[in-house]
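Peer 1: Just passing along the structure, written as structure tokens.
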Amino acid sequence: MKRLLARLRRPDYLGELQTLLFVALGAAAVVAVVNVWAMVARDPISVVAGAGVAVPPDAVTGLRPGVRLDPDTELHVLVDHPSVAQVGWHAAQSLPWFAIVVFALVMLLLVVRAARRGDPFAAANVRRLRAVGWVVLLGSLAAFEIELLAGFQLSATVVAEPPSTGADVPLVWCLCGAGFLALAEIIQRGRALQAELAEVI
């Protein structure tokens, strides 16, 4: 009981963060297994048939008077029995993003574990944070391009007209990548200052 009270008075935030990262990686593993099974079983997939396509008012029934479909949103269709190519393009839309998230979680877990066990300002942590920064920054731009290409290819399999689809520019992802790079630089400068003070002493 005394130990529990002492821990509550002095919470180990790094320990809680490490547990949270383990849980996130476990959830990612579950998501990966579920999605792989869905691909193997060829479950129905949702495909963007058009982005910003105006749908005729009589194309959808059951809407109340004065209500219509928003032409600025994406029009999705369900493919009940997708082909291997369709499943592949569908997976390519999200797989790069999933890989970036898993890589960032693993690197952050290594940073937190190293910080709990020894020097939080170790050179290895600087390298890990830089790796996360560059992977999130450049990887998000690459994932955006891949998602866009895969979306066009997948859309072309369900519409006869030139496909109309899109993807959101990953500005938030780029900002997060730049943030990790800045954090790595701050720690690196702190290491340099620490080394200078050690020489003076």
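The values are calculated or read from the model by the stated rules, or taken from the named source; none is laboratory data. For clarity, every value in this text was computed on a predicted model and none was experimentally measured. All Cβ positions, even for glycine, are placed from backbone atoms using ideal geometry, and neighbour counts span all protein chains on display. Each accessible area value is taken on the protein alone, full model and side chains, heavy atoms only, with ligands, DNA and RNA left out. Shrake-Rupley method; radii C 1.70, N 1.55, O 1.52, S 1.80 Å.
Peer 1: Identify, please: which residue in the stretch 1-31 is farther than 22 Å from Leu110 by Cβ and in a helix (DSSP H, G or I) and is, among those, modelled with the highest pLDDT?
Peer 2: Arg3
For (1) outside any helix (DSSP H, G or I); (2) basic (Lys, Arg); (3) under 25 Å from Leu78 (Cα atoms); (4) at pLDDT below 80, each residue gets a yes or a no:
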site	(1), (2), (3), (4)
Ala131	no, no, no, no
Leu138	no, no, no, no
Ile146	no, no, yes, no
Pro162	yes, no, yes, yes
Trp173	no, no, no, no
Glu185	no, no, no, no
Ala195	no, no, no, yes
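Peer 1: Sort out which residues of the stretch 168-201 are of a type in the set (Val, Ile, Thr) and without any contact (Cβ under 8 Å) to a residue 60 or more places away in the chain, and write them in order of number.
Peer 2: Val169, Val172, Ile186, Val200, Ile201
The rows are residues; the columns are (1) modelled with pLDDT of 90 or more; (2) touching a strand residue (DSSP E or B) at 6+ places or on another chain (Cβ under 6 Å); (3) open to solvent by less than 90 Å² (accessible area, probe 1.4 Å).
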position: Trp37; (1), (2), (3): yes, no, no
position: Val47; (1), (2), (3): no, yes, yes
position: Leu69; (1), (2), (3): no, no, yes
position: Leu110; (1), (2), (3): yes, no, yes
position: Arg116; (1), (2), (3): no, no, no
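Peer 1: Just one of the numbered conditions (1) surrounded by 15 or more Cβ atoms within 10 Å (Cβ to Cβ); (2) more than 30 Å from Gln86 (Cα to Cα); (3) at pLDDT below 90; (4) not hydrophobic (A, V, I, L, M, F, W, C) is not true of Asn125; which one?
Peer 2: Among (1) surrounded by 15 or more Cβ atoms within 10 Å (Cβ to Cβ); (2) more than 30 Å from Gln86 (Cα to Cα); (3) at pLDDT below 90; (4) not hydrophobic (A, V, I, L, M, F, W, C), Asn125 violates only (3).
Peer 1: Would you say Asp168 is part of a loop (DSSP other than H, G, I, E, B) and either under 27 Å from Gln18 (Cβ atoms) or in contact with a Leu (Cβ under 6 Å, 6 or more places away or on another chain) (or both)?
Peer 2: no
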